[in-house]
1. Consider the stretch 59-83. How many of its residues are charged (D, E, K, R), assigned to a helix (DSSP H, G or I) and over 19 Å from the mean Cα position of the chain (by Cα)?
2. Provide a single number: the residues in the stretch 204-223 that are in a loop (DSSP other than H, G, I, E, B) and out of contact with any strand residue (DSSP E or B) (no Cβ under 6 Å at 6 or more places or on another chain).
3. Scan the stretch 74-93 and give yes if some residue there is touching a His at 6+ places or on another chain (Cβ under 9 Å) and either in contact (Cβ under 8 Å) with a residue 24 or more places away in the chain or surrounded by 18 or more Cβ atoms within 10 Å (Cβ to Cβ) (or both), otherwise no.
4. Could you tell me which numbered condition LYS173 fails, if it satisfies all but one of (1) crowded, with 23+ Cβ neighbours inside 10 Å; (2) over 27 Å from ARG56 (Cβ atoms); (3) of a type outside the set (Gly, Ala, Ser)?
5. Closer than 21 Å to PHE152 by Cβ, within 16 Å of the ligand (Cβ to nearest atom) and of a type in the set (D, E, K, R): which single residue out of GLU11, GLU59 fits that description?
6. Taking interchain pairs and intrachain pairs at least six residues apart, which have beta carbon atoms under 6 angstrom, with the first residue in the stretch 58-72 and under 19 Å from GLU11 (Cα atoms) and the second outside any helix (DSSP H, G or I) and of a type in the set (Phe, Trp, Tyr)?
7. Mind listing whichever residues of the stretch 46-73 are closer than 13 Å to PRO131 by Cα and β-branched (Val, Ile, Thr)?
8. Among the residues of the stretch 97-147, write down those that are free of Cβ contacts under 8 Å to residues at least 24 places away in the same chain and among the aliphatic types (A, V, I, L, M).
Amino acid sequence: MKRVFLKLSGEALAGEKKTGFDEPTVTEVARQVKQIVDGGCQVGIVIGGGNFWRGRSSETIDRTKADQIGMLATIMNCIYVSEIFRSVGMMTQILTPFECGSMTKLFSKDRASKYFEKGMVVFFAGGTGHPYFSTDTGIVLRAIEMDAEGIFLAKAIDGVYDSDPKVNPAAKKYDEVSIQEVIDKKLAVVDLTASIMCMENKMPMYVFGLNEPDSIVNAMSGKFNGTKVTV
Ligand code: UDP
């Protein structure tokens, strides 16, 4: 594939600590992404914010304000991961849907395309820029806008199952499942808004387990053993 998007959850950056950053975990992600980029593939990155904050977790403050904190958390994550990527020799840029002074650049399709063409890894931080959305929706939106060929979702679980394998030991993993079935059976690959956008715009997703050795490289170079969500 020439251009792909990779989603990392906020929790994935935190490793065992569950909050903040776990440097060895992020450095390992960087090593693998470098291998993909060195092979000539353009990679866009979206990172969640759950290692710091989730808008819907506060019952006290206004949801719009809570979501603003969540969006800022995703930017902190991107600044950290971008720097780790640079430390292993990649060129990076962070784009946001709103101005963050000199910390990031404002997103536009032309600007992102220019960075991709220069061989940079482009971070799409700050989600959609709007409350009541998620970074799931953010990645689908940007992947569609940027004409990506697919979205890779690195998860704590190694694919999509017909029920929760932690609860049901007989749960069956799909090699392939249609986005329609994901929606109908509420399989929770990405949230409903993001699922509908994938379906309408024919954007395939590839779900795989981040914790397996070389999982990102394997998933993106054809040795995929997760679940492909077809459209
Ligand atoms: N968020 C938002 N709009 C977006 C993307 C994210 O308001 O377009 C906020 C929201 O509060 C969310 C938080 O940022 O809870 C972190 O994003 P993530 O997608 O990780 O949230 P999750 O789905 O885990 O709550």
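The values are calculated or read from the model by the stated rules, or taken from the named source; none is laboratory data. These numbers come from a predicted model, not from an experiment. Cβ placement follows ideal geometry from the backbone for every residue including glycine, while neighbour counts extend to all protein chains displayed.
1. To start, the set of residues in the stretch 59-83 that are charged (D, E, K, R) comprises 59, 62-63, 65, 67, 83.
Filter once more, keeping what is assigned to a helix (DSSP H, G or I): 63, 65, 67, 83.
From what is left, the residues that are over 19 Å from the mean Cα position of the chain (by Cα) are 63, 65.
Adding up the residues that qualify gives 2.
2. Filtering the stretch 204-223 for residues in a loop (DSSP other than H, G, I, E, B) gives 204, 210-214, 221-223.
Restricting the remaining residues to those that are out of contact with any strand residue (DSSP E or B) (no Cβ under 6 Å at 6 or more places or on another chain) gives 211-214, 221-223.
Looking only at that region, the number is 7.
3. Going through the stretch 74-93, the residues touching a His at 6+ places or on another chain (Cβ under 9 Å) turn out to be none.
No, because not a single residue in the stretch 74-93 is touching a His at 6+ places or on another chain (Cβ under 9 Å) and either in contact (Cβ under 8 Å) with a residue 24 or more places away in the chain or surrounded by 18 or more Cβ atoms within 10 Å (Cβ to Cβ) (or both).
4. Of the numbered conditions (1) crowded, with 23+ Cβ neighbours inside 10 Å; (2) over 27 Å from ARG56 (Cβ atoms); (3) of a type outside the set (Gly, Ala, Ser), the odd one out for LYS173 is (1).
5. Values: GLU59 fails: closer than 21 Å to PHE152 by Cβ.
Sole residue among the options that is closer than 21 Å to PHE152 by Cβ, within 16 Å of the ligand (Cβ to nearest atom) and of a type in the set (D, E, K, R): GLU11.
6. Sorted first by the residue in the stretch 58-72, then by its partner, the pairs are ILE69/TRP53; GLY70/TRP53.
7. THR64, ILE69
8. Correct list: LEU106 only.
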